[in-house]
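See structure below.
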Amino acid sequence: MPLLAEESPEDGGLGCLEDAAVVVREGRVQWMGLASDLPRQWVSEKRISADGRVVLPGFVDCHSHVVYGGDRVGDFCRRCQGESYEEILSAGGGIHTTVVVTRRASREELFTTASQRLHRMRAFGTTTVEIKSGYGLDLETELKMLEVIRDLSAREPQKIMSTFLGAHVVPREAASMEEYTELLVDKMLPRVHQEGLAQFVDVFCERGAFDLTSTRRIMESARSLGFDLKVHAEQLNRTGGAQLAASLGAVSADHLDWAEQADLHALAAAGTVGVLLPSAALFTGAERYPRAKDFRAAGVTMALATDCNPGSTPAENLGLVATLGCVQLGMTPAESLRAITVEASKALGLQGQVGSVVPGARADLVFLTRDVTDPREIPYRMGISKVDGVILEGRSWCPGSGSVGAGRDAMAKPSMLTAR
Ligand SMILES: [Zn+2]
């Protein structure tokens, strides 16, 4: 069973091993290498045979908004008739629509719908998910969202990372961006910090959301409290968010559709990961996409994520995002696979812990269907899942959506994974 390893030898950067073995202890990878090199002490242990299947590290979705109330089918219809995302947002629709419904929603409703999304993501091979708040825009609802994320982290088998995005847009009841920025800095950030509800703080630095001055104020305040930083930057316009992210040592700058060379050099120098979200660009009819060759030339680490959210992209399938990484951004298939695994882990500060099969990492493994011999089929089979099943933390087996209709060879039942 080939595997995507941390280091990449001469196979287009994939780092595959033929006929490999993985030793798992207490949910972690203990050893990984060629089956013929399996150390003697492990030979008689309980085994799970992949039966010739391709095995990959679990996929890492490093940017999502899966906790929200309602939907935005109405916005979608308006955009299909020619209104732009920005026009709808500035007319009080867009994110504001979701805020109204999310404020009204109970914790249980938010938990249940997000849990359903996580289950579908898992069936597509996603074993780590970053989730942002940002549809509350008041202390009470932001805390409610972050508590739902905490509960998902406790009850779902995926690894969940939590991000406070109180600075998503300025709520309609606020008198000004400046007033809401002060509320964020004085009240909301300290409370989120005190409750220990988020690893990251994110800001939507964009026309109609937060300008550079407010973004800097929020990020500096977050950094002083010990949060790691993320920024939605250069999505719809070039506003300077990417260079600000780099100057403040943000772990990632996300979107970057309008980033210029100087922005990319700043990100590369700072080691800030570029999280690219082509499904959002596609779904909102963007006229411009980031170009992988520019990121490659500048030396920016490229990750891909779904940006799963009710407005600009309800996407849940990271494999499809890998396809878009190739055809819309110009990534190689191997780059796109690394961008949803090992590179995405860096956007969460989890390198070596998820997204690669290395000693010490969580034992999250994706088994592809039996007919797949080359993992680059994931981006190639546009929108078609080839995930037969997923092992999370070396324990729970979850059937993948690719196992549906895969016939008698499908590994749809854990009993087929018993020791031999
Ligand atoms: Zn986003």
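The values are calculated or read from the model by the stated rules, or taken from the named source; none is laboratory data. Computed from a predicted model, the values in this text were never measured in an experiment. Here the Cβ positions follow ideal geometry from the backbone for every residue, glycine too, while neighbour counts run over all protein chains shown.
Checking the structure you have, find out if any residue of the stretch 173-187 is at pLDDT 95 or above and within 16 Å of the ligand (Cβ to nearest atom).
Scanning the stretch 173-187 turns up no residue that is at pLDDT 95 or above and within 16 Å of the ligand (Cβ to nearest atom).
So is PRO375 within 24 Å of ILE160 (Cβ to Cβ), in contact (Cβ under 8 Å) with a residue 60 or more places away in the chain, part of a loop (DSSP other than H, G, I, E, B) and touching a strand residue (DSSP E or B) at 6+ places or on another chain (Cβ under 8 Å) or not? It would help to see each step written out before you state the result.
Details: within 24 Å of ILE160 (Cβ to Cβ): no; in contact (Cβ under 8 Å) with a residue 60 or more places away in the chain: yes; part of a loop (DSSP other than H, G, I, E, B): yes; touching a strand residue (DSSP E or B) at 6+ places or on another chain (Cβ under 8 Å): yes.
So PRO375 fails the test.
Consider THR301 carefully, then state whether it is within 16 Å of the ligand (Cβ to nearest atom) and hydroxyl-bearing (Ser, Thr, Tyr).
Values: within 16 Å of the ligand (Cβ to nearest atom): no; hydroxyl-bearing (Ser, Thr, Tyr): yes.
Spelling it out, it is not the case that THR301 is within 16 Å of the ligand (Cβ to nearest atom) and hydroxyl-bearing (Ser, Thr, Tyr).
Read through the list (1) within 17 Å of LEU143 (Cα to Cα); (2) surrounded by fewer than 18 Cβ atoms within 10 Å (Cβ to Cβ); (3) without any contact (Cβ under 8 Å) to a residue 60 or more places away in the chain, then give the number of the only condition that MET188 fails.
(2)
How many residues does the stretch 343-369 hold that are outside any loop (DSSP other than H, G, I, E, B), closer than 27 Å to PHE204 by Cβ and away from the ligand (no atom under 16 Å from the Cβ)? Even if it seems obvious, please write down each step before you answer.
First, the residues of the stretch 343-369 that are outside any loop (DSSP other than H, G, I, E, B): 343-346, 351, 354, 362, 365-368.
With closer than 27 Å to PHE204 by Cβ added as a condition, the list becomes 343-346, 351, 354.
In the following step, the residues that additionally are away from the ligand (no atom under 16 Å from the Cβ) were identified as 343, 345-346, 351, 354.
The qualifying residues number 5.
Looking at ARG120, ARG172, which one is farther than 27 Å from GLY394 by Cα, surrounded by fewer than 19 Cβ atoms within 10 Å (Cβ to Cβ) and touching a residue at least 24 places away in the same chain (Cβ under 8 Å)? Working first, answer last.
Values: ARG120 fails: farther than 27 Å from GLY394 by Cα.
Checking each option against the conditions leaves just ARG172.
Just need a number here: residues in the stretch 137-167 that are within 16 Å of the ligand (Cβ to nearest atom), assigned to a loop (DSSP other than H, G, I, E, B) and either surrounded by fewer than 24 Cβ atoms within 10 Å (Cβ to Cβ) or within 15 Å of the chain's Cα centre (by Cα) (or both).
0
Residues of the stretch 251-260 being crowded, with 24+ Cβ neighbours inside 10 Å and within 14 Å of the ligand (Cβ to nearest atom), which ones?
Our first condition is that a residue be crowded, with 24+ Cβ neighbours inside 10 Å; within the stretch 251-260, this holds for 252-256, 259.
SER252, ALA253, ASP254, HIS255, LEU256, listed by residue number.
Please verify whether GLY241 is without any contact (Cβ under 8 Å) to a residue 60 or more places away in the chain, surrounded by fewer than 23 Cβ atoms within 10 Å (Cβ to Cβ) and either of a type outside the set (Asp, Glu) or within 16 Å of the ligand (Cβ to nearest atom) (or both), treating the condition exactly as stated. Before you say what the answer is, go through the steps one by one.
On the way: without any contact (Cβ under 8 Å) to a residue 60 or more places away in the chain: yes; surrounded by fewer than 23 Cβ atoms within 10 Å (Cβ to Cβ): no; either of a type outside the set (Asp, Glu) or within 16 Å of the ligand (Cβ to nearest atom) (or both): yes.
When the stated conditions are applied, GLY241 does not pass them.
Scan the stretch 180-202 residue by residue and report those that are among the β-branched types (Val, Ile, Thr) and in a helix (DSSP H, G or I). Before the answer, list the steps.
Taking the stretch 180-202 as the starting set, the residues that turn out to be among the β-branched types (Val, Ile, Thr) are 181, 185, 192, 201.
The answer is THR181, VAL185, VAL192.
Pick from the stretch 307-331 the residues that are crowded, with 23+ Cβ neighbours inside 10 Å, within 16 Å of the ligand (Cβ to nearest atom) and more than 12 Å from the chain's Cα centre (by Cα): which of them is nearest to PRO290 (Cα to Cα)?
The selected residue is LEU324.
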